[in-house]
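Student: Structure incoming, see below.
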Ligand SMILES: Cc1ncc(COP(=O)(O)O)c(C=O)c1O
């Protein structure tokens, strides 16, 4: 069957989602609240989630491998998390204080237990905000105003990092010296110049580029596991840590995807590397909006207001420009921190079996493809992986990934949607503790049927 046939079948079997999508398009640009949530011809509209499964408007039930792009590591509606949310509201009588409260430091201690490189932290409301604050913190601390990021890496939807996330490689220059390309309208020439693009997993090339820009680059920001599934080599990671120290550039690890997913201590535990700053998000909020910026005390301390308040109009004498201004009505939301703490405590008990089942699924999917004579790789660490249809023996960069057979992968993905396995076409696989052996068996049967359809 062709990809077009499969997409037609998908459209025919989802009339309610199609109608809801067209309705939404009248009032919401593109019908979606985040650009990432679209896929052609229209995305599915979900109405229920239980354990490992989602149900859409047309009543189809799916084993969910998106898990809301990663946060739902315990699956949908884990009882202990729901109970802790209800209990918190009942016990405390409110959802928000607008003042400091004890859960902020208590949750911070739990984070520090798993991420010893985080000596102090601040809360934000999303991973995007966390990455943004990491960058502004680095600029404030170093008094430098450019950043370096890696080709292909995603850090959320804001100016400095909307560069070369998914570039057309015919326009992106030499692999060892990538040209930065804009990923959004509204980016000025100056913003583009303020972001230097680096090749992932190529230490020598990174050294050359960073040496040229060391006096203007505040920080290197990286996804330690690119796209959540393509790991930095150990030598590369250790090399970047040494290099950044040597030339006075901060190292930011964006662990929004990898935190509590690669290991409980994220990729930094796996690599044994302490970055200067870390961004966290997704899993730590139990499905609610959250982000964390953490790092060395000396760096994080510049956010301490020391008596200044830029919104106190009775006091204009403060030296606000020496201090990193960071604020937010919902920062450190008590109900979210409480739900996040419950999630981490459960994960501490269930993480190893989650990883075992992820490895099993990877192995079985690889075998199913192989039985059809198709070579795939399933790169990934911990509880996330990708399915890459490729002749290569290893995927180390965005450009390696670009050589894979996306059409075949998409065909399988649409066929899987028809068989009750939910993933956005070509997206990575996220696993949860609710993905039991039965869910894995169901998924493998669906793979078998989907591959037969091709
Ligand atoms: C590595 C990374 N950084 C930042 C973000 C942005 O996080 P959020 O979507 O919570 O704003 C994401 C989201 O996918 C991410 O994967």
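What follows draws every value from the coordinates through simple rules; no lab data is involved. Since this is a predicted model, take the numbers as computed values, not measurements. So basically every Cβ, Gly included, is an ideal-geometry build from the backbone, and we count neighbours across all protein chains shown.
Student: Roughly speaking, what is the stretch gain from residue 246 to residue 16, that is 0.36 nm per residue apart minus the C-alpha to C-alpha distance, in nm to one decimal? Could the numbers behind the result be given before it?
Tutor: On the way: separation 230, 0.36 × 230 = 82.80 nm, distance 5.77 nm.
Length gained, residue 246 through residue 16: 77.0 nm.
Student: Please work out the Cα convex hull volume for region 97-332 and give it in Å³ per residue.
Tutor: Working: hull volume 31.9 nm³, N = 236.
Normalising the Cα hull of region 97-332 by residue number yields 135 Å³.
Student: Normalised by the number of residues in region 34-91, what is the relative contact order in percent for Cα pairs under 8 Å and 6+ residues apart? Mind dumping the intermediate values first?
Tutor: Numbers: 44 pairs, mean separation 13.7, N = 58.
Once divided by the residue count of region 34-91, the mean separation gives 24 percent.
Student: How would you rank 129, 393, going from fewest to most other Cβ atoms within 10 Å of each one's own Cβ? Kindly include the intermediate steps, with their values, before the conclusion.
Tutor: On the way: 129 23, 393 7.
Ranking 129, 393 by Cβ neighbours within 10 Å, fewest first, gives 393, 129.
Student: Can you tell me the FRET efficiency between residue 9 and residue 445 if r is taken as the Cβ-Cβ distance and R0 is 22 Å, rounded to the nearest 0.05?
Tutor: 0.75
Student: Once the convex hull of the alpha carbons of region 286-328 is built, what does its volume come to per residue, in cubic angstrom? Write out the running numbers ahead of the final one.
Tutor: Numbers: hull volume 3.9 nm³, N = 43.
Dividing the Cα hull volume of region 286-328 by its residues yields 92 Å³.
Student: Moving on to the next point. Take every DSSP beta bridge whose two residues both sit in the chain, then give the antiparallel share in percent to the nearest 5. Numbers along the way, then the final one.
Tutor: Numbers: 25 of 43 bridges.
Percentage antiparallel, nearest 5: 60.
Student: For the chain, what percent of Cα pairs sit more than 32 Å apart? Spell out each step's value before the answer.
Tutor: Details: 42023 of 102831 pairs.
Everything past 32 Å amounts to 41 percent.
Student: Calculate I(q)/I(0) for region 16-98 by the Debye formula, one identical point scatterer on each C-alpha and no solvent, and give its log10 at q = 0.18, 0.24 Å⁻¹ to two decimals.
Tutor: -0.89, -1.10
Student: May I pose another question? Multiplying the sequence separation of residue 91 and residue 175 by 0.36 nm and subtracting their Cα-Cα distance, what value in nm do you get? Don't jump to the answer; show the numbers that get you there.
Tutor: Numbers: separation 84, 0.36 × 84 = 30.24 nm, distance 5.66 nm.
Working it through step by step, the gained length comes to 24.6 nm.
Student: For the Cα atoms of the chain, what angle does the longest principal axis make with the long axis of helix 102-114, in degrees from 0 to 90, nearest 10?
Tutor: Between helix and principal axis, roughly 70 degrees.
Student: Å³ per residue of the Cα convex hull, for region 70-185? The partial results should precede the final answer.
Tutor: Values: hull volume 22.5 nm³, N = 116.
Taking only Cα atoms, region 70-185 has a hull volume of 194 Å³ per residue.
Student: Right, another one. To the nearest 10 degrees, how steep is helix 127-142 against the longest Cα principal axis of the chain, on a 0 to 90 scale?
Tutor: 30
Student: Neighbouring Cβ atoms within 10 Å as the yardstick, rank 1, 300, 192, 253 fewest first. Please list the in-between numbers first.
Tutor: Working: 1 12, 300 21, 192 18, 253 32.
Sorted ascending by nearby Cβ count, the order is 1, 192, 300, 253.
Student: Would you calculate, for the chain, the mean residue ellipticity at 222 nm contributed by helices, counting each DSSP H stretch of 4 or more residues as -39,500 (n - 2.57) and dividing by all residues, to the nearest 500? Mind dumping the intermediate values first?
Tutor: Numbers: 14 runs with 179 residues, N = 454.
Helix contribution divided over all residues of the chain: -12500 deg cm²/dmol.
Student: Using Cα pairs under 8 angstrom and six or more residues apart, how large is the relative contact order of region 97-332, in percent?
Tutor: Relative contact order for region 97-332 comes out at 26 percent.
Student: Which log10 I(q)/I(0) values, to two decimals, does region 400-448 give at q = 0.16, 0.25, 0.32, 0.33 Å⁻¹ under the Debye formula with one point per Cα?
Tutor: The Debye formula, applied to the Cα set alone, gives -0.50, -0.99, -1.23, -1.26.
Student: In which sequence would 261, 241, 296, 190 go, from the one with the fewest C-beta neighbours within 10 Å to the one with the most?
Tutor: Numbers: 261 30, 241 20, 296 17, 190 8.
Ascending number of Cβ neighbours within 10 Å: 190, 296, 241, 261.
Student: Remind me, relative contact order of the chain in percent, using alpha carbon pairs under 8 angstrom and six or more residues apart? Mind dumping the intermediate values first?
Tutor: Working: 811 pairs, mean separation 95.8, N = 454.
Rounded, it is 21 percent for the chain.
Student: Subtracting the Cα-Cα distance from 0.36 nm times the residue separation, let me have the gained length for residue 105 to residue 327 in nm, one decimal. Before the final figure, lay out each step's value.
Tutor: Working: separation 222, 0.36 × 222 = 79.92 nm, distance 1.67 nm.
Fully extending the segment from residue 105 to residue 327 adds 78.2 nm.
Student: Same structure again: Compute the Rg to Rh ratio over region 285-359 from the alpha carbon atoms, using the Kirkwood formula for Rh, and round to two decimal places.
Tutor: On the way: Rg = 18.6 Å, Rh = 15.8 Å.
Computed over Cα atoms, the ratio is 1.18.
Student: So how tilted is helix 406-418 from the main axis of the chain? Cα-based, degrees 0 to 90, rounded to 10.
Tutor: The answer is roughly 70 degrees.
Student: At residue 28 and residue 454, where each label point lies 7 Å from the Cα along Cα→Cβ, what is the point-to-point distance in nanometres?
Tutor: So the label points at residue 28 and residue 454 sit 3.2 nm apart.
Student: What nm distance separates the two modelled labels at residue 2 and residue 204, each placed 7 Å from Cα along Cα→Cβ?
Tutor: Placing both labels 7 Å beyond Cα along the Cβ direction yields 4.6 nm.
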